[in-house]
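Beneath this line is the structure, given in structure tokens, with notes to follow.
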Amino acid sequence: MESPDNLQSRWDQIAILRGWAHVYYAFDVGLAINLDEADRRATAQKGRTQIQSRKRVAKYFEFVPAPVRLTQTCAEFEAVPGFKTLNTADALLFDFGAISVHFKIPIEGNFLDAIRLSAALYDHPGLRGHARNAVEQLVREIGPAISKPRIADHVEDYNIFQIEEFRPEIPVSRLLDEYPDAISSLLRADTHPLSREEVQDVVSHRISYGQTDLTLVDWNCALIFDTEADDIRAVLEFTNVALLEFSYLDGQMDAALDEFYEYFAKTRTALSRARFRSFRPELKKISQFQIDSAILFEGVTNALKLFGDVFLARLYRLSAKRLGLADWDASINRKLRTVESIYEKISDLESTRRMEILEWIIIALIAVSIGISFIPGTMH
């Protein structure tokens, strides 16, 4: 195996003639967004967006409903020396309460600089704060369009490096054969060479439509070698948003399960000590949480319609697998069933309470009727 110094000197010989670093930050800002109202209130350049593709046409591959895209003017931000964002940022608004902020950084020069940029962008606090400021400004602007507005602390970021041309020209057929180590370091945001196992893991998750394009998808970064990639980036952006919503909902359910278990313990104690105490407030809170969680979960899973075995559908399955959406899906469904079980048990305790109250009422009525019979003059 080559030494790290030899590998990095070889990486430095690759030059990017034209390329972009696309940086995405996904935020959860509320239970839902009324897209028509948000579109009406927003003052930035706007429009409803669908996945557009000139070469991968799929009639039923679309967002339902179509999200709103806003283009905001903002200050340039120097992520690392020599690499600045443009003075605009795109914000994509989804009806299930998520906003994805997109920054563009032009890149050119040797490939090693791009790897250093990737390492710097990984969990970049300054750029994340820059994105949060843009979201806070947007939320203030469209506030009434958001149901239960609040900007969650949790953020999901994803970086996409799109390279249109190398110098000297490197065809796709040679790219993975000659520079798999450099590509792997870019995708893993690590300036040091990776092991053969890691390199193989990274380069094995790839997809191509033709013989001149290539897309590699990793859990925090993707590399696209293509001149027309708006559709690819749209799918990857949505996958990152779905990951945000699933991880956010999973965290909310963990906290709720702890709270609801305490409800269950208290209701059992209350049933044995204070039989006339009602458990309706607990049941109401659990049922409201069930409804909110189900609406969010279904909104995310049904937002992107996938019908037909087409390129973008395969890309979505690849990115969803890489980001572990199936595991999040299984975890959320399991916890939803647990919440339902807790609701049923507390509901059973409430029914038992009602039955005991009814029994005591019947006993009291019988006692009263018997007592009245011993009062002179009441028998008649």
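The values are calculated or read from the model by the stated rules, or taken from the named source; none is laboratory data. Everything quoted here is computed from the prediction, not taken from an experiment. Cβ sites come from the backbone with ideal geometry, for glycine too, and all protein chains shown count toward neighbours.
Here are a few things to note about the model shown:
- A119 meets each of the listed conditions (1) over 20 Å from T227 (Cα atoms); (2) modelled with pLDDT under 90 apart from (2).
- Residues that are surrounded by fewer than 18 Cβ atoms within 10 Å (Cβ to Cβ) and in contact (Cβ under 8 Å) with a residue 40 or more places away in the chain, drawn from the range 323-341: G324, D329, S331, L336, T338, E340
- Boolean, R196 is among the basic types (K, R) and either outside the structural domain of V29 (by TED's automatic domain parsing) or under 20 Å from the mean Cα position of the chain (by Cα) (or both): no
- Residue in the range 13-25 that is modelled with the highest pLDDT, counting only those that are part of a strand (DSSP E or B) and over 22 Å from T239 (Cα atoms): G19
- Looking only at the range 113-123, and only at residues there that are buried (at least 20 other Cβ atoms within 10 Å of the Cβ) and of a type outside the set (S, T, N, Q), the one that is nearest to W219 (Cα to Cα): L121
A quick yes/no check of all residues on (1) modelled with pLDDT of 65 or more; (2) closer than 17 Å to S100 by Cβ; (3) exposed (fewer than 13 other Cβ atoms within 10 Å of the Cβ):
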{"site": "Q8", "(1), (2), (3)": "no, no, no"}
{"site": "W11", "(1), (2), (3)": "yes, no, no"}
{"site": "A44", "(1), (2), (3)": "yes, yes, no"}
{"site": "A66", "(1), (2), (3)": "yes, yes, no"}
{"site": "L70", "(1), (2), (3)": "yes, yes, no"}
